[in-house]
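A quick write-up on the structure given underneath.
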Amino acid sequence: METNIDTLGADILGITAFAGFWIIFFIFMFFIFAVCVVGYLLQAISLFKMAKSTNNDLAWLAWIPIANMYLMITIPKQPFNMLGGKIHFDDRNSAAMMYFIYTILGSTIFSMVSGVLLFIPILGELLDFLLYICFIVFAYLMLYSISKDLFDTFAPEKNNSMMAILGLFIPFVRVIYMFTLRNNVAQEKVIIVE
(Lines give C-alpha, C1' and ligand atoms only; values in the text may rest on other atoms or scores of the structure.)
Protein backbone atom coordinates (compact mmCIF):
# COMPACT_ATOMS: atom_id res chain seq x y z
CA MET A 1 0.00 0.00 0.00
CA GLU A 2 1.54 3.26 -1.11
CA THR A 3 1.16 6.47 0.83
CA ASN A 4 1.32 9.69 -1.07
CA ILE A 5 3.52 12.15 0.80
CA ASP A 6 1.60 15.17 -0.50
CA THR A 7 -1.71 13.75 0.76
CA LEU A 8 -0.22 12.95 4.16
CA GLY A 9 1.15 16.49 4.48
CA ALA A 10 -2.22 17.99 3.56
CA ASP A 11 -3.96 15.79 6.13
CA ILE A 12 -1.54 16.86 8.87
CA LEU A 13 -1.94 20.50 7.84
CA GLY A 14 -5.74 20.16 7.92
CA ILE A 15 -5.69 18.49 11.34
CA THR A 16 -3.32 21.16 12.66
CA ALA A 17 -5.54 23.96 11.36
CA PHE A 18 -8.63 22.28 12.83
CA ALA A 19 -6.93 21.84 16.21
CA GLY A 20 -5.60 25.40 16.10
CA PHE A 21 -9.09 26.76 15.46
CA TRP A 22 -10.52 24.92 18.46
CA ILE A 23 -7.63 25.95 20.73
CA ILE A 24 -8.15 29.62 19.81
CA PHE A 25 -11.92 29.22 20.22
CA PHE A 26 -11.58 27.74 23.73
CA ILE A 27 -9.06 30.40 24.77
CA PHE A 28 -11.48 33.09 23.57
CA MET A 29 -14.41 31.44 25.39
CA PHE A 30 -12.33 31.15 28.58
CA PHE A 31 -11.50 34.86 28.33
CA ILE A 32 -15.20 35.74 27.90
CA PHE A 33 -16.11 33.49 30.84
CA ALA A 34 -13.41 35.11 33.02
CA VAL A 35 -14.65 38.62 32.15
CA CYS A 36 -18.23 37.60 33.04
CA VAL A 37 -17.14 36.11 36.38
CA VAL A 38 -15.13 39.24 37.24
CA GLY A 39 -18.10 41.45 36.29
CA TYR A 40 -20.46 39.35 38.41
CA LEU A 41 -18.12 39.47 41.42
CA LEU A 42 -17.61 43.25 41.13
CA GLN A 43 -21.37 43.82 40.95
CA ALA A 44 -22.03 41.45 43.86
CA ILE A 45 -19.38 43.13 46.04
CA SER A 46 -20.74 46.57 45.13
CA LEU A 47 -24.37 45.70 45.84
CA PHE A 48 -23.46 43.94 49.07
CA LYS A 49 -21.56 46.98 50.38
CA MET A 50 -24.28 49.38 49.22
CA ALA A 51 -26.96 47.29 50.93
CA LYS A 52 -24.90 47.06 54.13
CA SER A 53 -24.38 50.84 54.14
CA THR A 54 -28.17 51.34 54.00
CA ASN A 55 -28.73 48.75 56.77
CA ASN A 56 -30.60 46.45 54.41
CA ASP A 57 -31.15 43.05 56.05
CA LEU A 58 -31.21 41.34 52.66
CA ALA A 59 -27.67 42.31 51.65
CA TRP A 60 -26.86 38.63 51.05
CA LEU A 61 -29.14 38.73 47.98
CA ALA A 62 -26.31 40.55 46.20
CA TRP A 63 -24.62 37.18 45.64
CA ILE A 64 -27.64 35.52 44.01
CA PRO A 65 -28.15 36.16 40.28
CA ILE A 66 -31.59 37.63 39.42
CA ALA A 67 -32.37 38.16 43.13
CA ASN A 68 -29.70 40.88 43.20
CA MET A 69 -32.00 43.00 41.00
CA TYR A 70 -34.32 43.21 44.01
CA LEU A 71 -31.52 44.99 45.88
CA MET A 72 -30.82 47.33 42.97
CA ILE A 73 -34.48 48.34 43.03
CA THR A 74 -35.00 48.60 46.81
CA ILE A 75 -31.76 50.18 48.04
CA PRO A 76 -32.80 53.70 46.95
CA LYS A 77 -35.40 55.14 49.34
CA GLN A 78 -37.12 57.63 47.03
CA PRO A 79 -40.31 56.61 45.19
CA PHE A 80 -39.81 54.79 41.90
CA ASN A 81 -40.64 56.96 38.87
CA MET A 82 -40.47 55.98 35.25
CA LEU A 83 -41.49 57.78 32.06
CA GLY A 84 -41.52 61.16 33.76
CA GLY A 85 -43.73 59.97 36.62
CA LYS A 86 -46.33 58.25 34.42
CA ILE A 87 -45.36 55.01 36.16
CA HIS A 88 -44.99 55.76 39.84
CA PHE A 89 -44.61 53.57 42.93
CA ASP A 90 -44.23 55.02 46.43
CA ASP A 91 -43.19 51.60 47.69
CA ARG A 92 -40.10 50.27 45.92
CA ASN A 93 -41.12 46.69 46.76
CA SER A 94 -44.05 47.22 44.40
CA ALA A 95 -41.63 48.43 41.74
CA ALA A 96 -39.54 45.30 42.27
CA MET A 97 -42.65 43.17 41.90
CA MET A 98 -43.52 45.02 38.66
CA TYR A 99 -40.00 44.38 37.34
CA PHE A 100 -40.12 40.65 38.02
CA ILE A 101 -43.67 40.26 36.69
CA TYR A 102 -42.72 42.14 33.52
CA THR A 103 -39.52 40.19 32.91
CA ILE A 104 -41.00 36.77 33.65
CA LEU A 105 -44.64 36.99 32.63
CA GLY A 106 -44.01 39.64 29.99
CA SER A 107 -41.56 37.48 28.10
CA THR A 108 -43.92 34.48 28.34
CA ILE A 109 -46.90 36.46 27.09
CA PHE A 110 -44.72 38.05 24.39
CA SER A 111 -43.70 34.58 23.17
CA MET A 112 -47.30 33.40 22.98
CA VAL A 113 -48.51 36.52 21.17
CA SER A 114 -45.51 36.36 18.86
CA GLY A 115 -46.34 32.77 17.94
CA VAL A 116 -49.91 33.71 17.06
CA LEU A 117 -48.87 36.81 15.09
CA LEU A 118 -46.51 34.82 12.91
CA PHE A 119 -49.51 33.01 11.40
CA ILE A 120 -50.60 36.30 9.80
CA PRO A 121 -48.63 36.78 6.58
CA ILE A 122 -46.50 39.96 6.33
CA LEU A 123 -48.61 42.06 8.74
CA GLY A 124 -48.08 39.51 11.53
CA GLU A 125 -44.31 39.68 11.11
CA LEU A 126 -44.40 43.48 11.18
CA LEU A 127 -46.59 43.52 14.30
CA ASP A 128 -44.34 40.92 15.92
CA PHE A 129 -41.29 43.10 15.21
CA LEU A 130 -43.02 46.22 16.62
CA LEU A 131 -44.14 44.32 19.72
CA TYR A 132 -40.57 43.11 20.24
CA ILE A 133 -39.22 46.68 19.93
CA CYS A 134 -41.80 47.94 22.48
CA PHE A 135 -40.91 45.11 24.87
CA ILE A 136 -37.17 45.87 24.67
CA VAL A 137 -37.62 49.66 24.93
CA PHE A 138 -39.78 49.31 28.05
CA ALA A 139 -37.25 46.90 29.61
CA TYR A 140 -34.42 49.35 28.90
CA LEU A 141 -36.42 52.26 30.34
CA MET A 142 -37.02 50.23 33.48
CA LEU A 143 -33.34 49.32 33.80
CA TYR A 144 -32.36 52.94 33.18
CA SER A 145 -34.64 54.13 36.02
CA ILE A 146 -33.37 51.43 38.36
CA SER A 147 -29.71 52.22 37.64
CA LYS A 148 -30.13 55.99 37.82
CA ASP A 149 -31.94 55.83 41.17
CA LEU A 150 -29.21 53.61 42.59
CA PHE A 151 -26.48 55.92 41.29
CA ASP A 152 -28.30 59.02 42.60
CA THR A 153 -28.48 57.44 46.05
CA PHE A 154 -24.70 57.09 46.29
CA ALA A 155 -23.48 59.98 44.11
CA PRO A 156 -26.17 62.69 43.83
CA GLU A 157 -23.86 65.34 42.35
CA LYS A 158 -22.44 63.25 39.52
CA ASN A 159 -23.72 62.80 35.97
CA ASN A 160 -25.63 59.62 36.74
CA SER A 161 -27.97 59.83 33.76
CA MET A 162 -25.07 59.43 31.35
CA MET A 163 -23.66 56.50 33.32
CA ALA A 164 -27.07 54.80 33.43
CA ILE A 165 -27.46 55.18 29.65
CA LEU A 166 -23.92 53.91 28.99
CA GLY A 167 -24.61 51.00 31.35
CA LEU A 168 -27.59 49.96 29.23
CA PHE A 169 -25.46 49.46 26.14
CA ILE A 170 -22.16 48.50 27.81
CA PRO A 171 -23.11 46.61 31.01
CA PHE A 172 -19.52 46.49 32.24
CA VAL A 173 -19.62 50.31 32.54
CA ARG A 174 -22.53 49.99 35.01
CA VAL A 175 -20.62 47.38 37.00
CA ILE A 176 -17.43 49.46 37.18
CA TYR A 177 -19.39 52.61 38.13
CA MET A 178 -21.22 50.71 40.87
CA PHE A 179 -17.85 49.46 42.13
CA THR A 180 -16.54 53.03 42.34
CA LEU A 181 -19.63 54.06 44.34
CA ARG A 182 -19.61 51.11 46.74
CA ASN A 183 -17.94 52.97 49.64
CA ASN A 184 -19.96 56.19 49.29
CA VAL A 185 -22.51 57.12 51.92
CA ALA A 186 -26.12 56.74 50.84
CA GLN A 187 -27.95 60.04 50.43
CA GLU A 188 -31.62 60.34 51.29
CA LYS A 189 -33.51 62.33 48.67
CA VAL A 190 -35.75 65.06 49.99
CA ILE A 191 -39.13 64.94 48.29
CA ILE A 192 -41.12 68.17 48.34
CA VAL A 193 -44.86 67.60 48.10
CA GLU A 194 -46.81 70.62 46.88
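The values are calculated or read from the model by the stated rules, or taken from the named source; none is laboratory data. None of these values were measured; they are calculated from a predicted model. Please note: Cβ atoms are built from the backbone with ideal geometry, for glycine as well, and neighbour counts cover all protein chains shown. The accessibility values were calculated without ligands, DNA or RNA, using every heavy atom of the protein model including side chains. Shrake-Rupley method; radii C 1.70, N 1.55, O 1.52, S 1.80 Å.
Here the stretch 97-119 is the region considered, the condition is being within 16 Å of Y144 (Cβ to Cβ) and out of contact with any strand residue (DSSP E or B) (no Cβ under 8 Å at 6 or more places or on another chain), and the residue that is surrounded by the most Cβ atoms within 10 Å (Cβ to Cβ) is Y99.
Figure legend. Inter-residue proximity from the stretch 159-172: first residues under 11 Å from S147 (Cα atoms), second residues among the aromatic types (F, W, Y) and open to solvent by less than 40 Å² (accessible area, probe 1.4 Å), beta-carbon distance below 8 Å, spacing 6+ or different chains. Indicated pairs: N160/F151; M163/F151; M163/Y177; A164/F151; G167/Y177.
Applying the selection to the stretch 167-181, what residues are aliphatic (A, V, I, L, M), part of a helix (DSSP H, G or I) and under 12 Å from the mean Cα position of the chain (by Cα)? Passing the criteria: L168, V173, V175. From the list S114, S53, S94, S107, the lone residue that is hydroxyl-bearing (S, T, Y) and in contact with a helix residue (DSSP H, G or I) (Cβ under 6 Å, 6 or more places away or on another chain) is S114.
Within the stretch 110-121, does at least one residue satisfy the condition of being aliphatic (A, V, I, L, M) and under 16 Å from M178 (Cα atoms)?
no
Within the stretch 54-69, if we keep just the residues that are part of a loop (DSSP other than H, G, I, E, B) and within 21 Å of E188 (Cα to Cα), the residue that is nearest to the chain's Cα centre (by Cα) turns out to be L58.
Out of E157, E188, one residue alone is part of a loop (DSSP other than H, G, I, E, B) and in contact with a Lys or Arg (Cβ under 9 Å, 6 or more places away or on another chain). It is E188.
Looking at the stretch 37-54, which of its residues are touching a residue at least 40 places away in the same chain (Cβ under 8 Å) and either open to solvent by 70 Å² or more (accessible area, probe 1.4 Å) or not β-branched (V, I, T) (or both)?
Pass one, the stretch 37-54, residues touching a residue at least 40 places away in the same chain (Cβ under 8 Å): 39, 42-43, 45-47, 49-50, 53-54.
Hits for the stretch 37-54 are G39, L42, Q43, S46, L47, K49, M50, S53.
With respect to the conditions (1) in a helix (DSSP H, G or I); (2) exposed (fewer than 12 other Cβ atoms within 10 Å of the Cβ), G84 falls short on a single one, namely (1).
Between F135, F129, F154, which is open to solvent by 50 Å² or more (accessible area, probe 1.4 Å) and of a type in the set (F, W, Y)?
Numbers: F135 fails: open to solvent by 50 Å² or more (accessible area, probe 1.4 Å); F154 fails: open to solvent by 50 Å² or more (accessible area, probe 1.4 Å).
None of the other options fit; the residue is F129.
Among the residues of the stretch 28-36, are any in contact (Cβ under 8 Å) with a residue 24 or more places away in the chain and open to solvent by less than 100 Å² (accessible area, probe 1.4 Å)? Walk me through how you get there before you give the answer.
Applying the first criterion (in contact (Cβ under 8 Å) with a residue 24 or more places away in the chain) to the stretch 28-36 yields 35.
Imposing the further condition that a residue be open to solvent by less than 100 Å² (accessible area, probe 1.4 Å) reduces the set to 35.
Yes - at least one qualifying residue is present in the stretch 28-36.
Scanning the stretch 55-81 for residues being among the aromatic types (F, W, Y) and open to solvent by 80 Å² or more (accessible area, probe 1.4 Å) gives a total of 2.
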